[in-house]
Amino acid sequence: MYTNNELLFPHHVIPSLRKLRGPEWRTLVDQIMKLPENHEETLAFMLMMIRLNGCMGCETDSYRAMRGCAACAVQTLRRYKGEDTELLDMYRQALSDVRDFAERSPTLGIIHTTSINDRPSDGFQPSAF
């Protein structure tokens, strides 16, 4: 009756989201799929999806949970009315949050693309954009 659900947005679902939006979204997903699960950009993508999907409020006996995380994420992205640029802004904010957390918790093994001190003052721009 119940599917195999994760507690939060699962890493293995990311590839299934690739074709749901426009070219900028596909570029972001392609970039994330090349990175390890503990990379700051992967964690930022997962955090963005947790926020977008409302994973924190998901209950194991809810209809959403019974359908599974992949179906929920696909439905959320299909129903999202904003532009892809808004999703990329959410990703950039999540990346900033992950970097701030990683700076305060250096022993967790989060992989960084640049050191915290190398960040541009006007905000992060992913290399693919």
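The values are calculated or read from the model by the stated rules, or taken from the named source; none is laboratory data. On a predicted model such as this, the values are computed, not experimentally measured, just so you know. Using ideal geometry, Cβ is built from the backbone for each residue, glycine included, and neighbour counts are taken over all protein chains shown.
Only one entry in Ala71, Ala102 is under 17 Å from Glu37 (Cα atoms) and surrounded by 14 or more Cβ atoms within 10 Å (Cβ to Cβ), namely Ala102. Considered as a group, the residues in region 87-129 that are assigned to a helix (DSSP H, G or I), charged (D, E, K, R) and farther than 19 Å from Ile14 by Cβ include one that is modelled with the lowest pLDDT, and that residue is Asp118. Say whether the condition of being closer than 20 Å to Pro10 by Cβ and modelled with pLDDT of 90 or more is met by at least one residue in region 55-69. Taking every residue of region 55-69 in turn, none turns out to be closer than 20 Å to Pro10 by Cβ and modelled with pLDDT of 90 or more.
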